[in-house]
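Enquirer: This is the structure I want to talk about, given as structure tokens.
The values are calculated or read from the model by the stated rules, or taken from the named source; none is laboratory data. Here the structure is a predicted model, which is why all the values come from computation and not from measurement. As a convention, Cβ positions derive from the backbone with ideal geometry for all residues, glycine included, and neighbour counts pool all protein chains shown.
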Amino acid sequence: MPITSPSLPPSFADWRTAIERFVQVVPHTQGLGLEVLEVAPPVVRMRLPWSETLLGDPHRGLIHGGVLSMTLDTLCGASVLCGLPEPEVCPTLDLRVDHYRPALGGLAVYGEARVVRVTASMVFTEGTLWQKEGRPIARGIANFVRLGPRNTPPGFAAALFGETLVAQPGEQSAEEI
Amino acid sequence: MTQSSDARQWLERTRASGDLSELLDAIPYARHIGVSVAEDSQGLVFSLAPHAHNIGNILLPALHGGVVAAFMETAGTLELMLAARTARLPKAIDFSIDYLRTAQQVPTQARCTVVREGKRLANVRVVAWQHDEAQPVASARMHFLLAELPSADSVS
């Protein structure tokens, strides 16, 4: 299904709306209030607002390392959507996170991810998180598997750019790749 | 009481009692995603509750891969806190996860192995499964820096 008219690729604003939809239908990130700041394919920027829920070390007042992994997975996954010729369902194959410095409680977490390389079967991405400009707290590298248009639910792109995404029982799973 | 001496007491108390549930309760994000711990003949078994807010893909539906990662990071960190020869605070340096199967919205379990505990560094492996331990949904490894605990009277 075409995203829009072939002569009119989605604008940055269209992409921002699409990625916002993508994040809003994810119950976990919606619950934490993850916001899409900017989408300039294949780069996506987001902001995770501070809340007490994010704490992993209440004694030292630090954000849970897993929050950073979760945010990087989401950011990199969102960059995949806008880094492909047409959005496809792409499960995460693996994710590596390097913790550069502690993530401090009380501050929002900002992040940026981009698609580095797309092949016939893979999408390679990288992302960075920070709280203060120029002081990265974590770097992530995530690789995604392309299931291809055949395994992408009909209307996936249309749902991102048009109507609301509706939950449907899917057939595809990682075992079938 | 300083924050550091607070952390010291917290860790030493947990290591003495071997009860991680109190510690888990004190970690807001672990509580949010629903991490709990039990023990069987082979050691600690961590569990992740299949909360609706842990879903990452509503089409499948499947748990958020990042939530599974956070669960396994929590498990690895707590296992090391308890299993380390001396009471030291593990600080995560890096974490790597391989997603092996779709994590469905059912309870997930994890078991950890401290592969190496050196003077300053530790390596921990974590395997997570759902229906069958022989069919893991994810495997992870992480490195930690083992920080000396500040003495009770030091200033944080």
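Enquirer: Considering (1) more than 16 Å from the chain's Cα centre (by Cα); (2) surrounded by 23 or more Cβ atoms within 10 Å (Cβ to Cβ); (3) farther than 25 Å from A:Ile137 by Cβ, say which one B:Thr108 fails and leave the rest.
Expert: Failed condition: (1).
Enquirer: Just to be sure before I move on: is B:Phe71 under 11 Å from the mean Cα position of the chain (by Cα), among the aromatic types (Phe, Trp, Tyr) and more than 19 Å from A:Leu54 (Cα to Cα) in the structure I sent? Write out each step before concluding.
Expert: Working: under 11 Å from the mean Cα position of the chain (by Cα): yes; among the aromatic types (Phe, Trp, Tyr): yes; more than 19 Å from A:Leu54 (Cα to Cα): no.
Taking the combined requirement at face value, the residue does not satisfy it.
Enquirer: Of all residues in the stretch B:81-103, which are within 13 Å of another protein chain (Cβ to nearest Cβ) and either of a type in the set (A, V, I, L, M) or farther than 16 Å from B:Ala134 by Cα (or both)? Step through it out loud before you land on a result.
Expert: So in the stretch B:81-103, the residues within 13 Å of another protein chain (Cβ to nearest Cβ) come out as B:81, B:89-103.
Passing the criteria: B:Met81, B:Leu89, B:Pro90, B:Lys91, B:Ala92, B:Ile93, B:Asp94, B:Phe95, B:Ser96, B:Ile97, B:Leu100, B:Ala103.
Enquirer: Let me ask something additional. Which one of the conditions (1) assigned to a strand (DSSP E or B); (2) within 13 Å of chain B (Cβ to nearest Cβ) does A:Val115 fail to meet, given that it meets all the rest?
Expert: It fails just one condition, (2).
Enquirer: State whether one or more residues within the stretch A:38-56 are crowded, with 23+ Cβ neighbours inside 10 Å and either of a type in the set (Phe, Trp, Tyr) or free of Cβ contacts under 8 Å to residues at least 40 places away in the same chain (or both). Give the derivation first.
Expert: First, pick out the residues of the stretch A:38-56 that are crowded, with 23+ Cβ neighbours inside 10 Å: A:39, A:44, A:46, A:48, A:54-56.
If we keep only those that are either of a type in the set (Phe, Trp, Tyr) or free of Cβ contacts under 8 Å to residues at least 40 places away in the same chain (or both) too, we end up with A:56.
Yes, that holds for at least one residue.
Enquirer: Scanning the stretch A:134-152 for residues that are at pLDDT 80 or above and among the basic types (Lys, Arg), which turns out surrounded by the fewest Cβ atoms within 10 Å (Cβ to Cβ)?
Expert: Residues of the stretch A:134-152 that are at pLDDT 80 or above, as a first pass: A:134-148.
Adding the requirement that they be among the basic types (Lys, Arg) leaves A:135, A:139, A:146.
Values: A:Arg135: 9, A:Arg139: 17, A:Arg146: 20.
Within the stretch A:134-152, the match that is surrounded by the fewest Cβ atoms within 10 Å (Cβ to Cβ) is A:Arg135.
Enquirer: Quick one: which of A:Ala13, A:Ala40, A:Ala103 is at pLDDT 95 or above and hydrophobic (A, V, I, L, M, F, W, C)? Write out each step before concluding.
Expert: Working: A:Ala13 fails: at pLDDT 95 or above; A:Ala40 fails: at pLDDT 95 or above.
The match here is A:Ala103.
Enquirer: State which residue pairs qualify: first residue of a type in the set (Asp, Glu) and inside the stretch A:118-129, second residue not in a strand (DSSP E or B) in any location, beta carbons under 6 Å apart, and separation of 6 or more residues or different chains.
Expert: Hits for this filter: zero, empty list.
Enquirer: Among the residues of the stretch B:40-61, write down those that are among the polar types (S, T, N, Q) and either within 13 Å of B:Ala110 (Cβ to Cβ) or touching a Leu at 6+ places or on another chain (Cβ under 7 Å) (or both). Spell out the reasoning first.
Expert: Within the stretch B:40-61, the first condition is being among the polar types (S, T, N, Q), and the residues that meet it are B:41-42, B:47, B:54, B:57.
Once the filter is applied, which keeps residues that are among the polar types (S, T, N, Q) and either within 13 Å of B:Ala110 (Cβ to Cβ) or touching a Leu at 6+ places or on another chain (Cβ under 7 Å) (or both), the stretch B:40-61 yields B:Gln42, B:Ser47, B:Asn54.
Enquirer: Starting from residues that are under 11 Å from the mean Cα position of the chain (by Cα) and in contact (Cβ under 8 Å) with a residue 40 or more places away in the chain, keep the ones in the stretch A:10-37 and report whichever is nearest to A:Glu112 (Cα to Cα).
Expert: Applying the filter and picking the extreme gives A:Val36.
Enquirer: Here is a list: B:Arg101, B:Arg116. Which entry is of a type in the set (Lys, Arg), without any contact (Cβ under 8 Å) to a residue 60 or more places away in the chain and either more than 23 Å from A:Cys76 (Cβ to Cβ) or part of a helix (DSSP H, G or I) (or both)?
Expert: Values: B:Arg101 fails: either more than 23 Å from A:Cys76 (Cβ to Cβ) or part of a helix (DSSP H, G or I) (or both).
On inspection, the qualifying residue turns out to be B:Arg116.
Enquirer: Read through the list (1) acidic (Asp, Glu); (2) part of a strand (DSSP E or B); (3) within 14 Å of chain B (Cβ to nearest Cβ), then give the number of the only condition that A:Glu88 fails.
Expert: Result: A:Glu88 fails condition (2) only.
Enquirer: Among the residues of the stretch A:94-109, which ones are part of a strand (DSSP E or B) and surrounded by fewer than 20 Cβ atoms within 10 Å (Cβ to Cβ)?
Expert: Pass one, the stretch A:94-109, residues part of a strand (DSSP E or B): A:94-99, A:104, A:109.
Answer for the stretch A:94-109, where residues must be part of a strand (DSSP E or B) and surrounded by fewer than 20 Cβ atoms within 10 Å (Cβ to Cβ): A:Asp94, A:Arg96, A:Asp98, A:Leu104.
Enquirer: Sticking with this structure for a sec: Restricting the search to the stretch B:72-98, which residues are hydrophobic (A, V, I, L, M, F, W, C), out of contact with any His (no Cβ under 6 Å at 6 or more places or on another chain) and assigned to a strand (DSSP E or B)? Walk me through it before giving the result.
Expert: First, pick out the residues of the stretch B:72-98 that are hydrophobic (A, V, I, L, M, F, W, C): B:72, B:75, B:78, B:80-84, B:87, B:89, B:92-93, B:95, B:97.
With the extra rule that they be out of contact with any His (no Cβ under 6 Å at 6 or more places or on another chain), the set shrinks to B:72, B:75, B:78, B:80-84, B:87, B:89, B:95, B:97.
Hits for the stretch B:72-98 are B:Leu89, B:Phe95, B:Ile97.
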